[in-house]
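One structure is given here, and the rest of the page talks about it.
The values are calculated or read from the model by the stated rules, or taken from the named source; none is laboratory data. Computed from a predicted structure; not experimentally measured. Cβ sites come from the backbone with ideal geometry, for glycine too, and all protein chains shown count toward neighbours. These area figures cover heavy atoms from the full protein model, side chains too; ligands, DNA and RNA do not enter into them. Shrake-Rupley method; radii C 1.70, N 1.55, O 1.52, S 1.80 Å.
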Amino acid sequence: MSEKKPKRREFLFTATYAIGVVGAGVVAWPLIDQMNPDASVKALASTEVDLSSVKPGNTITIMWRGKPVFIRRRTPDEIAEARAVNVKELIDPESDEERVKNPEWLVMIGVCTHLGCVPLNDKGDYNGWFCPCHGSHYDISGRIRKGPAPTNMEIPKYEFVNANTIKIG
Amino acid sequence: MSDHEYTPKSKAGKWFNDRLPLLTLANHLTDYPTPKNLNYWWTFGGILTFCLITQIITGLTLAMHYIAHADMAFDSVEHIMRDVNYGWLIRYIHANGASMFFLAVYIHIFRSLFYGSYKAPREIIWIIGIVIYLLMMAAAFMGYVLPWGQMSFWGATVITNLFSAIPLVGEGIVTWLWGGYSVDNPTLTRFFTLHYLIPFLILGLVVLHIWALHVPGNNNPIGIDVKKPSKDTVPFHPYIVIKDGFALLMFMIVFAFFVFYTPNILGHADNYIEANPLVTPAHIVPEWYLLPFYAILRSVPDKLLGVIAMLSAIFILAALPWLDTSKIRSAVFRPLYKQFYWILVADVLVLGYMGAMPAEGLYLLIARVATAYYFLHFLVILPVLGFKEKTLPIPLSITEPVLGGTPNLAAAKNKESFKA
Ligand code: HEM
Ligand code: FES
């Protein structure tokens, strides 16, 4: 036998296996991607909320994409407290100004950034929120101050449609 | 494997066996030579098989009435409890059966640790066992989500969020697992699918586990190699079958006690409240069998490192055959290892207790010490012990220690005459 023949075969084998692997990957992708959020879940992307009934110092919780969103109407004292903090000392440094559109209204996703529990209102060592699951303390700007959570509570995309209505998403 | 050739007695049997050697397999299983000194800690393999079959049968019957939908799951479980004939019984067996399954697997694992059953040539048996254990945890976790109570929902949220600790792709993975932006109906339906599938995967692995076991044969309380078949062994049937059967009956008494007298003691009252995505219960704790790992997760103040520590605590077990450098298997002949073994048992129990307590103050401190000790045991103590420890002389055969060390041939003869 000449040297050439087995080489050609090896090439054919390798090429066949390679095509097989690519083919398997192409078939696998739809099977994996079907688990991602479907069109109906994505369609629920925005909600409008009427704020007229919320009194200063109160928080309302609404559902957005299956998650709670906290909307707090902060008192002037609370705003002052949120802004008096030295940003550099924070675990996840972020000024209160960066976290609100209108200082009176704090709008954030009410989900602990540790492992996803819903923190409790007006609790904890920093006059903000406290997560009972593993003990994360958030301040009145929703910033993480103490505990295992790595980051501040997330701010969703939102805008004021008019003075008394916001649209989340 | 039995060494002798087997031929079925009947003609039909022979005809069949030549085409599909099932009878050879059955003969192998009945004649399988087993060390004659196996104690009751060796009966948990059979008990575990019973637990798996029990979960599959009760699970299949529950699945005939259960509805995997976020709006209906909770009600369908109540329907099972109140309306379905014997539904309460089937569900209580299934729910408590998961706990009994873990009780048995923990005893089985700690038996292996004590008698060095994970050492050569049984590493593959051990590793398959660890994979089974991981799948059991996955099955139990997803099963607990199905009744769609408060603990179901928040347990699912917290555990799936562990993946968000992975840098860059973490959030994407969590969204993919959920099929949405939070735990919701798509999560429930896929968990039901996987909960249904995993026990059958476990069943397949159990076959491999036993196959791998039948290559070298059982380890035994004194941990020496046994010649098979020999005076040191007895055939599996009837000796082990009867002993396993007796132990199983005792186990079933405990099982029945839970099912009939305190069916909810191992569960959590909050799970009789329907899932509410807006309110997290004040104390979320996993089922008791996951508590030691939960304690490890919480004792590390950093999110990613906590997850890594928790997973390492499980995966470190797979490396155990290489971490333990001692050639002697059984702790009976390892005076130091024996003490460290019991410290480890205590350590895991302490971790379990701390996992159920709030993660603060003294509890947190103790959990941290216990976590550190857990890793110290596997990563430092075991490797060093193999070199430093002065082990006791091991007997040459199983029969030797039974006869008090000095080979007394007359006594040996008498003993042998008991078994025919
Ligand atoms: C490895 C074996 C299994 C384990 C460890 C296991 C564990 C569990 C657990 C812990 C629950 C929650 C019980 C509760 O608190 O209500 C559960 C529920 C359930 N399981 Fe399983 N299971 C297993 C096998 C199966 C199989 C094979 C099926 C179906 C074919 C099944 C179907 C169900 C159903 C329908 C429920 C919901 C009803 C309920 O919550 O009682 N399970 N399982
Ligand atoms: S989920 Fe909030 S502290 Fe862990």
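Can you pull out the residues in segment B:376-398 that are in a helix (DSSP H, G or I) and open to solvent by 40 Å² or more (accessible area, probe 1.4 Å)? Of everything in segment B:376-398, those that are in a helix (DSSP H, G or I) and open to solvent by 40 Å² or more (accessible area, probe 1.4 Å) turn out to be B:L376, B:L379, B:V380, B:V384, B:F387, B:K388. Residues of segment B:97-112 include none that is over 13 Å from the mean Cα position of the chain (by Cα) and at pLDDT 95 or above.
Quick one: how many residues across segment B:299-327 are touching a Gly at 6+ places or on another chain (Cβ under 7 Å) and surrounded by 18 or more Cβ atoms within 10 Å (Cβ to Cβ)?
Of the residues in that region, 3 qualify.
Among the residues that make up segment B:134-152, is at least one of them more than 26 Å from B:P281 (Cα to Cα), outside any loop (DSSP other than H, G, I, E, B), out of contact with any Pro (no Cβ under 6 Å at 6 or more places or on another chain) and more than 12 Å from every other protein chain (Cβ to nearest Cβ)? Yes, segment B:134-152 contains a residue that is more than 26 Å from B:P281 (Cα to Cα), outside any loop (DSSP other than H, G, I, E, B), out of contact with any Pro (no Cβ under 6 Å at 6 or more places or on another chain) and more than 12 Å from every other protein chain (Cβ to nearest Cβ).
Is there a residue being under 22 Å from B:W288 (Cβ atoms), at pLDDT 95 or above and not aliphatic (A, V, I, L, M) anywhere in segment B:178-185? Steps first, please.
Start the filter on segment B:178-185 by keeping residues that are under 22 Å from B:W288 (Cβ atoms), which leaves none.
Among the residues of segment B:178-185, not one is under 22 Å from B:W288 (Cβ atoms), at pLDDT 95 or above and not aliphatic (A, V, I, L, M), which makes the answer no.
Considering every residue within segment B:61-71, establish whether at least one is within 10 Å of ligand 1 (Cβ to nearest atom) and without any contact (Cβ under 8 Å) to a residue 12 or more places away in the chain. Give the steps one after another, and end with the answer.
Pass one, segment B:61-71, residues within 10 Å of ligand 1 (Cβ to nearest atom): B:61-68.
The next check asks that each one be without any contact (Cβ under 8 Å) to a residue 12 or more places away in the chain; those that pass are B:64, B:67.
Yes, that holds for at least one residue.
Within segment B:349-365, the residues that satisfy the criterion of being open to solvent by less than 60 Å² (accessible area, probe 1.4 Å) and either among the β-branched types (V, I, T) or touching a residue at least 24 places away in the same chain (Cβ under 8 Å) (or both) are B:V350, B:L351, B:G352, B:M354, B:G355, B:A356, B:P358, B:A359, B:L364. When segment A:94-123 is filtered for residues that are within 16 Å of ligand 2 (Cβ to nearest atom) and small (G, A, S), the ones remaining, listed by number, are A:G110, A:G116. Taken over segment B:148-164, residues that are open to solvent by 20 Å² or more (accessible area, probe 1.4 Å) and away from ligand 2 (no atom under 16 Å from the Cβ) amount to 0.
With the structure loaded, tell me whether B:L62 is touching a Pro at 6+ places or on another chain (Cβ under 8 Å), among the hydrophobic types (A, V, I, L, M, F, W, C) and surrounded by 13 or more Cβ atoms within 10 Å (Cβ to Cβ) or whether it fails that test. Break it down into steps so the answer makes sense when it comes.
Numbers: touching a Pro at 6+ places or on another chain (Cβ under 8 Å): no; among the hydrophobic types (A, V, I, L, M, F, W, C): yes; surrounded by 13 or more Cβ atoms within 10 Å (Cβ to Cβ): yes.
Spelling it out, it is not the case that B:L62 is touching a Pro at 6+ places or on another chain (Cβ under 8 Å), among the hydrophobic types (A, V, I, L, M, F, W, C) and surrounded by 13 or more Cβ atoms within 10 Å (Cβ to Cβ).
Within segment B:264-309, the residues that satisfy the criterion of being over 20 Å from the mean Cα position of the chain (by Cα), away from chain A (no Cβ under 13 Å) and within 16 Å of ligand 1 (Cβ to nearest atom) are B:N264, B:I265, B:H268, B:A269, B:N271, B:Y272, B:I273, B:E274. Each residue in segment B:227-264 was checked for being open to solvent by 30 Å² or more (accessible area, probe 1.4 Å) and part of a strand (DSSP E or B), and 1 of them qualify. Scanning segment B:215-224 turns up no residue that is part of a helix (DSSP H, G or I), modelled with pLDDT of 95 or more and out of contact with any Asp or Glu (no Cβ under 7 Å at 6 or more places or on another chain). Scanning segment B:191-209 for residues that are open to solvent by less than 70 Å² (accessible area, probe 1.4 Å) and under 17 Å from B:W126 (Cβ atoms) returns B:I202, B:L205, B:V206, B:H209. Taken over segment A:124-141, the criterion of being closer than 12 Å to A:N152 by Cα and within 10 Å of ligand 2 (Cβ to nearest atom) is satisfied by A:W129, A:S136, A:H137, A:Y138. For segment A:97-124, how many residues are surrounded by fewer than 20 Cβ atoms within 10 Å (Cβ to Cβ), away from every other protein chain (no Cβ under 13 Å) and in a strand (DSSP E or B)? Residues flagged as surrounded by fewer than 20 Cβ atoms within 10 Å (Cβ to Cβ), away from every other protein chain (no Cβ under 13 Å) and in a strand (DSSP E or B) within segment A:97-124 amount to 3. Restricted to segment B:165-190, and to residues there that are surrounded by 18 or more Cβ atoms within 10 Å (Cβ to Cβ) and not in a helix (DSSP H, G or I), the residue that is farthest from the other protein chains (Cβ to nearest Cβ) is B:V183. Annotation: A:N152 fulfils all but one of (1) under 22 Å from B:N276 (Cβ atoms); (2) outside any strand (DSSP E or B); (3) in contact (Cβ under 8 Å) with a residue 60 or more places away in the chain; the unmet one is (1). Do we have A:R72 as modelled with pLDDT of 95 or more and within 23 Å of B:P167 (Cβ to Cβ) here? No: the conditions fail for A:R72.
Within segment A:27-54, being open to solvent by 100 Å² or more (accessible area, probe 1.4 Å) and without any contact (Cβ under 8 Å) to a residue 60 or more places away in the chain holds for A:W29, A:L31, A:Q34, A:K42, A:L44. Number of residues in segment A:57-78 that are more than 11 Å from chain B (Cβ to nearest Cβ), open to solvent by less than 80 Å² (accessible area, probe 1.4 Å) and not in a strand (DSSP E or B) equals 5. Might you let me know whether segment A:130-147 holds any residue that is surrounded by fewer than 18 Cβ atoms within 10 Å (Cβ to Cβ), within 11 Å of chain B (Cβ to nearest Cβ), over 26 Å from A:N164 (Cβ atoms) and of a type outside the set (V, I, T)? Among the residues of segment A:130-147, at least one is surrounded by fewer than 18 Cβ atoms within 10 Å (Cβ to Cβ), within 11 Å of chain B (Cβ to nearest Cβ), over 26 Å from A:N164 (Cβ atoms) and of a type outside the set (V, I, T), which makes the answer yes.
Taking the criterion of being open to solvent by 10 Å² or more (accessible area, probe 1.4 Å), more than 21 Å from B:Y133 (Cβ to Cβ), in contact (Cβ under 8 Å) with a residue 24 or more places away in the chain and under 21 Å from the mean Cα position of the chain (by Cα), the only residue of segment B:328-348 that qualifies is B:I343.
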